[in-house]
1. Report, ordered by the first and then the second residue, all pairs with beta carbons closer than 7 Å, sequence separation of six or more or different chains, a first member in segment 586-603 that is more than 15 Å from residue 559 (Cβ to Cβ), and a second member that is open to solvent by 100 Å² or more (accessible area, probe 1.4 Å) and part of a strand (DSSP E or B).
2. Kindly provide the set of residues from segment 218-231 that are more than 11 Å from residue 144 (Cβ to Cβ) and open to solvent by 40 Å² or more (accessible area, probe 1.4 Å), ordered by number.
3. Quick check: anything in segment 464-483 in contact with a Lys or Arg (Cβ under 7 Å, 6 or more places away or on another chain), under 28 Å from residue 545 (Cα atoms) and among the polar types (S, T, N, Q)?
4. Give segment 566-587 a look and list any residue that's open to solvent by less than 40 Å² (accessible area, probe 1.4 Å) and assigned to a loop (DSSP other than H, G, I, E, B), or say none.
5. Restricted to segment 401-450, and to residues that are assigned to a loop (DSSP other than H, G, I, E, B) and crowded, with 16+ Cβ neighbours inside 10 Å, which residue is modelled with the lowest pLDDT?
6. Would you confirm whether or not segment 502-509 contains a residue that is on the phi > 0 side of the Ramachandran plot and without any contact (Cβ under 8 Å) to a residue 40 or more places away in the chain?
7. Output the residue which, of all residues in segment 511-521 that are open to solvent by 50 Å² or more (accessible area, probe 1.4 Å) and outside any loop (DSSP other than H, G, I, E, B), is farthest from residue 494 (Cα to Cα).
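The values are calculated or read from the model by the stated rules, or taken from the named source; none is laboratory data. Everything quoted here is computed from the prediction, not taken from an experiment. Virtual Cβ from ideal backbone geometry, glycine too; neighbours counted across all protein chains shown. Accessible surface is based on the protein model in full, side chains and every heavy atom, while ligands, DNA and RNA are left aside. Shrake-Rupley method; radii C 1.70, N 1.55, O 1.52, S 1.80 Å.
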Amino acid sequence: MNKARVIAAEQEAPGGPDLDLPLRILLLGKTGVGKSATINSMFDETKVATNALVPGTSRIKRVDGTIKGVRVTVIDTPGLTPHYDSQRRNMKILHAVKRFIKRSPPDIILYFERLDHINSKYSDYPLLKLITDILGSSMWFNTVLVMTHCSSSPPEGPDGYPLEYDAYTRYCKNVVQRHIQVAASNTQLENPIVLVDNHPMCRRNTRGERVLPNGQVWVSELLLLCGATKLLAEANSLLKFQDSFLLSPANTRLPSLPHLLSSLLKPYSSSSSDGVDSEMTEVSDEEDDYDQLPPFRVLKKSEFEKLTKEQRTAYLDELDYRETSYLKQQWKEGIRRQKLAEAQNSEVSSAVADDYEESTSSEVVHMSDMEIPLSFDSDYPTHRYRHLISNDQLFRPVLDPQGWDHDIGFDGINFELCHDLKKNISASIAGQMRKDKEDMYVQSECSVSYTDQRGYSWMGGMDMQTASKDLVCTVHGDAKFRNLAWNTTGGGISVTKFGTKYFSGAKLEDSIIIGKQVQLVANAARMVGGGQVADGGGLEVTVRGKDYPVREGSTTITATVLSFEKELVLSANLQSVFRVGRGSKLSVGANINSRNLGRLCIKTSTSDHAEIALVTAVSLVQFLLRRRLPPTDQGEQQFDADLDV
């Protein structure tokens, strides 16, 4: 040990040989935290110009020098801003940094924060997440946290006295560390910390080195941590520790139990309608009065224009009433044909509601076909992205203009298969596969359903999707039994496997029909897994219009309650769709919860030409709002020019 100390003293003596451990350091942090001032303090000379009033760095700079016999290269970067309206500028800076360090990656990254700006309201998660997404989560493995302005006095505690210096610095380090762990999706991540102060009045020792209030010489400590971090990174590249335990978000991040609970409470739709829906949508014989109506002549445009205002209103009302009566008649005939086919043990006709255009089943809009080139040359890759359609199968490409394949814009395939196995048994498979330059994502839903004429229905299915390097698999089942003509009781179970963890849940559900238009649904469920328990339930009231389903119009009010980790959350939701006039439809959605969070969404569609004027008005309002917003940063054009150099 004494011999090693003697050798170390000889190596560190002035005039001795430089240590063969060159360091390449990258500086990151918000503007004004003291990155450039730290460079000057490290080299103990003015290497970079600084300014206390405006940002001192407008472009990426490289600074070379020697510190205590160690050759050091520092990469200074422009400061980032935590505001949401500056995300575009931050992205531009980070992409420029990524290009700069691509050929020669840094050994250590120093992430700067001001110690006197950290408190309970600290929230830089969006900025940390952006840094992680662009530079990669592996950057945090070689990162040292640097806290500047550390000679300032700690704030007062609850007792009115200043906090202890070491306790306050530990608290600030934990606050920043938690945000980094969330951004990197890794709770095992622990970064070393260095306290720094660059003020000209900072206390110095007899050697002229800057000393903190706790007596530490921070330049030597920073240099030691940088060297140790580089050695650990080189050892990690040989032993592969990083891939095994540090950066493995898939092994540490578990799915949210409340999210699994809400998925369990959501009713699974089958390919065949159950007894409750058919009971509410069936039209009685008393409403079939279309054939009893007197003859009606449709007026020409010239004849319609000659009518008075009252006559036009009466004419349009009569036309709308006749159209609704005709659609009811066609819907009723479709239900009769379906019941007749089921009674004769024949295949159920697929044209239950083909005669009217506003069916309850959603219509799939296929993409236009592509022209096949004459050659299969790689310069004409169009032949790879055609869609395949059959009676019960559909394969088509997924359009993503922001995908990695910028020339074509397709980075995945969507497939849908549906087949009737027997009389009342049907199976369906739907999924999507996407591929980027690094990973492949798979998401699929498979289900088999059985429906009985007496109002019984069973459904079982399996859902799968990828989550990083793991596969999330969920097996679920549902059953419904009609007790009375107006009452249906059901239940369901669900088991989810994520890595080595299992999450299971069960639910009960009861539905009551009041008349032909009102339906009440109450449910309750519990989900357990990972040593946690979540309970929840809800009450839903649906009121449908008198002309439903031939005229889409319904209002749904939902109240839910969720209990998780001794916390109770209440929420309410409103969904309403109704006609406005004869050619317009309005959809209103709103929700709010006990945490004072909510959302309001209003959508409209019209067959008139009012949408053209509406688009123009919205565009004009957006233009005026953008003109009123202040510019994000002065000299941004100069910054863009410097960044491109």
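1. 587/603; 588/602
2. Within segment 218-231, 220, 231 qualify.
3. No, there is no match, as no residue in segment 464-483 is in contact with a Lys or Arg (Cβ under 7 Å, 6 or more places away or on another chain), under 28 Å from residue 545 (Cα atoms) and among the polar types (S, T, N, Q).
4. Result: 583, single match.
5. So the first thing to find is which residues in segment 401-450 are assigned to a loop (DSSP other than H, G, I, E, B), and the list is 401-409, 421-424, 436-439.
The next check asks that each one be crowded, with 16+ Cβ neighbours inside 10 Å; those that pass are 403, 424.
Working: 403: 50, 424: 82.
The qualifying residue modelled with the lowest pLDDT is 403.
6. no
7. 514
Yes or no, residue by residue, for (1) outside any helix (DSSP H, G or I); (2) polar (S, T, N, Q); (3) at pLDDT below 70; (4) at negative phi:
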{"position": "243", "(1), (2), (3), (4)": "no, no, yes, yes"}
{"position": "280", "(1), (2), (3), (4)": "no, no, yes, yes"}
{"position": "303", "(1), (2), (3), (4)": "no, no, no, yes"}
{"position": "311", "(1), (2), (3), (4)": "no, yes, no, yes"}
{"position": "318", "(1), (2), (3), (4)": "no, no, no, yes"}
{"position": "325", "(1), (2), (3), (4)": "no, yes, no, yes"}
